[in-house]
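K.L.:
One structure is given below, represented as structure tokens, and several questions about it will come after.
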Amino acid sequence: MVPSSVTEASLHQLGAEQLRGALANFLPKGATAAEQTHAIEAALRSPAGQAMRDTMARWIVDEIVPVERLVPPAYVKWRPPVRDAMMFVVARLSPARLAPKLLEQLELPPNTSAEARLLRLIAKVPGLQKLGQVIARNQHLRPALRDALARLENGIRDVRPEDIGVIIRQELGPRIEKYAVKIAPAILSEASVSAVVRFTWRDPESGTRKRGVFKVLKPHIPEYFAEDMDYLQGLAQYFSDQQHNYGFPAKLLPDTFTKVRRLLRHEVNFIREQKTLREAWNLYQSMSGVHVPRLIQPLCTSKITALTEERGVKVTNAAARLPAVRRKKVAEQLIEALVAVPLLAAQEDAIFHGDPHAGNLLYNNRTGELTIIDWALRERLSRDQRRHLALLFLMVTLRDPVGTCNEVLALSQQHIRSSSPRGQMVSELVTRFLDELPVVRLPSGVDAMRLLERLAMKGVKFPGPLIMLSKVMFTLDGILGDIGGSDSGMGFTIARHVAQHWIKNRKEFRSPLMTRDWITLQCSALLYTGRLWLQCEQAILDRLLPAASPAPVAPR
Ligand SMILES: Nc1ncnc2c1ncn2[C@@H]1O[C@H](COP(=O)(O)OP(=O)(O)O)[C@@H](O)[C@H]1O
Ligand SMILES: [Mg+2]
């Protein structure tokens, strides 16, 4: 199919524009789109295919969606890895997926914007869509860039409502009639792996019509998934080998691709998410003001998840319309729901939400209710781990170096003796870390996590779920910053909950904290002098003798 004159060597020499011309010329004239796609696909499979891909890749990153346009000057450091990642994927995508994209780019009107072209390029490529989403939610990005990336995220249009309707009807068969399911004609939301549509159904138990949403696995996902996981793995490996060339912290780039892979792997596993939703519903059932959507079991399959429809908008948007006092309340609700509740749950293994970005937190300003959705990513911590973690939060809040050190060692996966050289190193690092904490504010859970991160960099190993929890807390901290309610203090809120919970549960002994812990805590607090101690005493004692009045705000 490839013209004989276009050999591998000559392809490499062609400029991007010339290649575009050559390609346009060699496409069969007057052929249908399918025939043209087929011709490109055959060329991609031919011996000159790889050279053709490389040149096409350059054409894409230099002209179609120039990296200079995509990545603003403030992020100039990001241009090389973005460029290389794009080239990497174009060099590897299967001919059947790449060929129609190349033809489409050739045929788009020349004045098509880079953004629109990029959206077309990543259409039905869940790995890249998810990557954009993960970067867009990075709290360290400037708002302007985050907004631009968020627009990409909202621009995913891989499926039509009809396609989704077909899948639902196929999956449910006779249940459609049995439950009188009526599917809404529009898509509510579309992301890389799934699309969400509203529906109503008749609940046989109550005989009434109820509202729900279906989360539906998009039809191309089963076919494309393995390939996307492969090139993401390749990218993680590539950036781990080449890290010294990019000037980023060693693990930053490979970790990003690993995170994307983990998200995708769990997002396609609908059965697992359904199980998690049931568990999460039970965990939050008794907590007022916090909701988890309820599974509509008879309408779930391995490709569709049916849930109660919840009211509310993205928590950051909701909070922006509230006065400061209520924003503080929202902040507290978030910390309680996402950290304190799982931390203090009575179960042996408690789950926590592994991806609580603002889009997964719906807030209803009218009722003050928070709904936590999207449970695809979750982790578990054992009672013992949570007990040490709760104590770590408290010890860091109290700035107690010995207590902090003990909890760190207990949480580590290795058996480090405090008298060993490594134990000494940990102890020195902890002491220095606590000394360097600003004195003007109470240390928070995020400080505790930062400490773990620092220790991890020195080779101390912590269990995976703990690392995930630390990421959750950084995400949460970012949201609290956006809401402007972070002054209520994560450390304070967690400390309060630990104390309160312990008091409530000490008879039953179901709390992960033991009497011994409480004595440790008291001793630690007694040694804690000065102004800071007063603050902390207030924080804890207020809760030990809870008044009916609302919680006082942590002193600053
Ligand atoms: N139970 C629900 N009630 C109302 N809207 C929902 C519900 N579940 C999901 N949605 C809407 O669909 C979007 C996507 O759902 P989500 O579970 O976060 O999946 P993903 O982010 O993986 O696409 C949400 O941001 C929300 O707008
Ligand atoms: Mg989501």
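K.L.:
Could you do me a favour and compute the accessible area per residue for segment 358-486, 1.4 Å probe, result in Å²?
P.N.:
With all protein chains present, segment 358-486 gives 39 Å² per residue.
K.L.:
From the square roots a ≥ b ≥ c of the eigenvalues of the alpha-carbon gyration tensor of segment 248-306, which class results: rounded (a/c under 1.5), prolate (a/b over b/c), or oblate?
P.N.:
Note, shape of segment 248-306 comes out oblate.
K.L.:
Can you give me the distance in nm between label points at SER94 and GLN233, each placed 7 Å from the Cα along the Cα-to-Cβ direction?
P.N.:
1.6
K.L.:
Follow-up. Given the whole protein assembly as supplied and a 1.4 Å probe, what does the accessible area of LYS314 come to in Å², nearest 10?
P.N.:
90
K.L.:
By per-residue mean of other Cβ atoms within 10 Å, what is the highest-first order of 189-198, 86-95?
P.N.:
Top to bottom by mean Cβ count within 10 Å: 189-198, 86-95.
K.L.:
I'd like the distance between the alpha-carbon centres of segment 48-123 and segment 213-271, rounded to an integer number of Å.
P.N.:
18
K.L.:
Right, here's the next one. Taking a 1.4 Å probe, which of LYS101, LYS124 shows the most accessible area, and what order do the others take after it?
P.N.:
Highest to lowest solvent-accessible surface, that is LYS124, LYS101.
K.L.:
Tally up the carbon and sulfur contribution to the accessible surface of segment 34-92 as a whole percent, 1.4 Å probe, everything protein left in place.
P.N.:
Percent of accessible area from carbon and sulfur atoms in segment 34-92: 57.
K.L.:
Accessible area per residue, 1.4 Å probe, Å², for segment 255-296: what's the number?
P.N.:
46
K.L.:
Using 0.36 nm per residue of separation minus the Cα-Cα distance, give me the extension gain between ALA42 and MET425 in nm, one decimal.
P.N.:
This chain segment gains 131.9 nm when fully extended.
K.L.:
At 1.4 Å probe size, with the rest of the protein present, what percent of the exposed accessible area of segment 426-474 is carbon and sulfur atoms?
P.N.:
Result for segment 426-474: 58 percent of the exposed heavy-atom area is carbon or sulfur.
K.L.:
Pop a pseudo-label 7 angstrom from the Cα along the beta-carbon direction at both ARG272 and LYS461 and give the gap in nm to one decimal.
P.N.:
Placing both labels 7 Å beyond Cα along the Cβ direction yields 2.2 nm.
K.L.:
Let's test the formula: R0 of 25 Å, r as the Cβ-Cβ distance of ALA150 and THR112. What FRET efficiency results, to the nearest 0.05?
P.N.:
Once rounded, the FRET efficiency stands at 0.75.
K.L.:
May I ask you to order 106-114, 448-456, 156-164 by the average number of other C-beta atoms within 10 Å around their residues, highest value first?
P.N.:
Order by mean packing, descending: 448-456, 156-164, 106-114.
K.L.:
Then there's this: As a quick test, which of the pairs LYS77/LYS314; LYS77/LYS218; LYS210/LYS275 have an alpha carbon distance above 25 angstrom in this structure?
P.N.:
LYS77/LYS314; LYS77/LYS218
K.L.:
With a 1.4 Å probe and every protein chain kept in, tell me what percent of the accessible surface of segment 160-254 is carbon plus sulfur.
P.N.:
52
K.L.:
Grab the other residues whose beta carbon is less than 12 angstrom from that of ALA114, score K and R as +1, D and E as -1, and report the net.
P.N.:
It works out to a net charge of -1.
K.L.:
What's the ranking of 292-301, 242-251, 457-466 by average number of surrounding C-beta atoms within 10 Å, highest first?
P.N.:
Highest to lowest by the protection proxy: 292-301, 457-466, 242-251.
K.L.:
Given 0.36 nm per residue, what is the gain on full extension from ARG265 to LYS29 after removing their alpha carbon distance, in nm?
P.N.:
80.7 nm
K.L.:
Rounded to the nearest whole Å², what accessible area per residue is found for segment 37-194 with the 1.4 Å probe?
P.N.:
That works out to 47 Å² per residue.
The values are calculated or read from the model by the stated rules, or taken from the named source; none is laboratory data. Small disclaimer: the values here were computed from a predicted structure and weren't measured. Cβ atoms come from the backbone with ideal geometry, glycine included; neighbour counts cover every protein chain shown. Side chains included, ligands, DNA and RNA excluded: accessible areas come from the protein's heavy atoms. Shrake-Rupley method; radii C 1.70, N 1.55, O 1.52, S 1.80 Å.
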